[in-house]
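All remarks here apply to the structure that follows.
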Amino acid sequence: MAKRKITWSKTAYFQRKSILLYWLQRNKSNAYPKKLLSEIQKNTKQLSEFPEIGKPTDIKNVRVLARIDNYSIYYTHTKTKIQVVTFWDNRQDPEILKNLLLMSQLSFKK
């Protein structure tokens with residue numbers, strides 16, 4: 001099985017960075033952020049090999065992988081690439097997520 005290249009949208013990158021910084025500051029320790037980052041890397045590696053493991057969403061061509069504590073990875077994929085659209089804290093308002101995914105879908109068409 002061919003591995004796909006993983007890319008992160010600007011939104012997903014900043015979400016991930018903000019979440020890791022939040023936990024670093026909150027816990028005054030890098031133990032949980034390191035664990036979270038390791039889980040993210042493990043799951044994105046699996047996605048690169050098996051892009052269909054995520055569940056389809058209501059948004060066309062967007063799938064979700066929800067295996068990382070309270071976080072989910074929303075992504076699209078082609079034969080050569082996985083594009084992480086958003087790294088989402090599942091405790092947030094789902095309407096915001098829906099709007100983010102719809103806006104990102106517009107950028108996929110370009």
Say whether the condition of being in contact (Cβ under 8 Å) with a residue 24 or more places away in the chain and under 15 Å from residue 4 (Cα atoms) is met by at least one residue in segment 60-76.
yes
ask   = Does residue 15 qualify as being surrounded by fewer than 17 Cβ atoms within 10 Å (Cβ to Cβ) and either assigned to a helix (DSSP H, G or I) or polar (S, T, N, Q) (or both)?
value = no
Pairing a residue in segment 79-104 that is touching a residue at least 40 places away in the same chain (Cβ under 8 Å) and surrounded by 14 or more Cβ atoms within 10 Å (Cβ to Cβ) with any residue that is small (Gly, Ala, Ser) and in a loop (DSSP other than H, G, I, E, B), where Cβ atoms lie under 8 Å and the two sit 6 or more apart in sequence or on different chains, gives 83/9; 84/9; 85/9; 86/9; 104/9
Every listed condition ((1) within 12 Å of the chain's Cα centre (by Cα); (2) over 16 Å from residue 20 (Cβ atoms); (3) among the aliphatic types (A, V, I, L, M)) holds for residue 59 save (1)
Those residues of segment 36-54 which are under 22 Å from residue 104 (Cα atoms) and in contact with a Leu (Cβ under 8 Å, 6 or more places away or on another chain) amount to 43, 47, 53, 54
The residue that is farthest from residue 36 (Cα to Cα), considering only those in segment 60-71 that are touching a helix residue (DSSP H, G or I) at 6+ places or on another chain (Cβ under 9 Å) and of a type outside the set (Lys, Arg), is 61
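Yes/no matrix, rows are residues, columns are (1) assigned to a strand (DSSP E or B); (2) at pLDDT below 90:
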| site | (1), (2) |
| --- | --- |
| 34 | no, no |
| 73 | yes, no |
| 79 | no, no |
| 101 | no, yes |
| 106 | no, yes |
By residue number, the members of segment 5-14 that are at pLDDT 95 or above and either polar (S, T, N, Q) or farther than 24 Å from residue 102 by Cα (or both) are 7
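The values are calculated or read from the model by the stated rules, or taken from the named source; none is laboratory data. The structure displayed is predicted, hence computed values, not measured ones. With ideal geometry, Cβ positions are generated from the backbone for all residues, glycine too; neighbour counts draw on all protein chains shown.
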